[in-house]
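A short write-up of the structure that comes next.
The values are calculated or read from the model by the stated rules, or taken from the named source; none is laboratory data. Because the structure is a prediction, the values reported are computed rather than measured. So basically every Cβ, Gly included, is an ideal-geometry build from the backbone, and we count neighbours across all protein chains shown.
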Amino acid sequence: MEIMLEGATVLSVCKLLCSLPFLRSVVLSCSSPVSFCCHCLLLFTDVVLTVFFCSLLILQHWQIVAPSTGDAIALRCLLFICHTYGAAFFLNLPVIVMDTLLQHLQQEGLKNP
């Protein structure tokens, strides 16, 4: 568990760097406020986690915090985010399904007056 913080930092930086090139297409392709809100929330959590892990890594190298404490904090934060993403997925799924269904019904209503 000694390199948990470094691994979490590398993963969060890679995830953020992979999502940034698609930011423009996400903004342009959002067809509803629900999908736009979900994308913004995901990007916000990516940025916050990356900044948090990087600052924790810097503090660990300056020996302000004990080395094992940073790894434990990173592991607990990753477990919390995992559970939070799971809960958000299950809570957002019915909203996205209803939004898609309403858009489909609205488009069908416009085609057949």
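Every test in (1) loosely packed, with under 12 Cβ neighbours inside 10 Å; (2) more than 30 Å from GLN107 (Cα to Cα); (3) modelled with pLDDT under 75 is passed by SER55 save one, and that test is (3).
Taking every residue in the range 31-46 that is of a type in the set (A, V, I, L, M, F, W, C) and pairing it with any residue that is outside any helix (DSSP H, G or I) and at pLDDT 75 or above, at least 6 positions away or on another chain, the pairs with Cβ-Cβ distances below 9 Å are LEU43/LEU20. For first residues located in the range 8-24 and modelled with pLDDT of 80 or more, partners that are among the hydroxyl-bearing types (Ser, Thr, Tyr) and lie 6+ apart or on another chain with Cβ distances below 7 Å form the pairs SER12/THR50; VAL13/THR50; LEU16/THR50. For beta carbons closer than 8 Å, sequence separation of 6+ or different chains, a first residue in the range 80-107 that is closer than 21 Å to PHE53 by Cβ and a second that is modelled with pLDDT under 80 and surrounded by 10 or more Cβ atoms within 10 Å (Cβ to Cβ), the qualifying pairs are ALA88/LEU41. Criterion applied to CYS30, CYS77 was being at pLDDT below 75 and either surrounded by 13 or more Cβ atoms within 10 Å (Cβ to Cβ) or not acidic (Asp, Glu) (or both), and the one residue passing it is CYS30. Criterion applied to LEU91, LEU110, LEU102 was being surrounded by fewer than 14 Cβ atoms within 10 Å (Cβ to Cβ), of a type in the set (A, V, I, L, M), assigned to a helix (DSSP H, G or I) and at pLDDT 80 or above, and the one residue passing it is LEU102.
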